[in-house]
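Encoded as structure tokens, the structure appears first; notes follow it.
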């Protein structure tokens with residue numbers, strides 16, 4: 001019989017992360033690369049580990065992530081959101097802890113579109129009286 005797997009999708013900006021949790025030794029792979037190879041900055045690794053630290057489940061799961069879109073920071077936020085939702089699938093009793101920390105809320109902020117007659121979304125062209 002195959003090991004049980006817990007799946008969830010996380011999103012931030014234009015990044016989408018598909019996350020699978022399996023009982024294991026704590027290995028995290030992102031797009032078939034180890035976490036350290038995919039994310040060079042330590043702050044992004046800390047961001048991804050936050051839900052695991054909060055629920056005291058570091059080292060209990062092997063995490064496999066497939067992420068696309070956006071930049072590294074947005075992808076790290078999407079992975080954090082996906083891990084939080086997958087932990088809920090594993091144990092619904094973790095909901096109050098994750099909800100209080102704000103890990104279950106999808107950050108829906110996206111870049112505002114450029115409008116016609118303007119240089120950017122809100123910036124106008126330089127005004128000259130003459």
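Any read-out appearing in this document is the output of simple, stated calculations on the displayed coordinates, not a laboratory observation. Here the structure is a predicted model, which means the values were calculated and not measured. Quick reminder, even Gly has a Cβ in these numbers, built from the backbone with ideal geometry, and neighbours come from all protein chains shown.
Quick check: pseudo-label points 7 Å beyond the Cα along Cα→Cβ at residue 68 and residue 130, how many nm apart are they?
Each label point is offset 7 Å from its Cα along the Cβ direction, giving 5.6 nm.
Determine the calculated [θ] at 222 nm for the chain from helices alone, applying -39500 (n - 2.57) to every DSSP H run no shorter than 4 residues and normalising by the residue count; nearest 500 deg cm²/dmol.
-10000 deg cm²/dmol
Working out 0.36 nm times the residue gap between residue 9 and residue 25, then minus their Cα-Cα distance, what length gain in nm do you get to one decimal?
So the chain would gain 3.6 nm between residue 9 and residue 25.
Measure off 7 Å from each Cα along the Cα-to-Cβ vector at residue 60 and residue 107, then give the distance between these two points in nanometres to one decimal.
Result for the modelled spin labels: 2.5 nm.
Does anyone have the angle between helix 42-54 and the longest principal axis of the chain? Alpha-carbon axes, 0 to 90°, nearest 10?
For 42-54 against the chain, the angle is about 50 degrees.
Over all directions, average the projected area of the Cα convex hull of the chain and note it in nm².
Result: 11.0 nm².
Taking a label point 7 Å from the Cα of residue 37 along the Cα→Cβ vector, which residues of the stretch 51-77 have an amide N closer than 20 Å to it?
Residues 62-69, 72-73, 75-76 fall inside that zone.
Could you pull out which residues in the stretch 69-109 have an amide N less than 19 Å from a spot 7 Å beyond the Cα of residue 118, following the Cα-Cβ vector?
Residues 109 qualify, since their backbone N sits under 19 Å from the label point.
Got a sec? How would 7, 38 order by Cβ neighbour count within 10 Å, fewest to most?
7, 38
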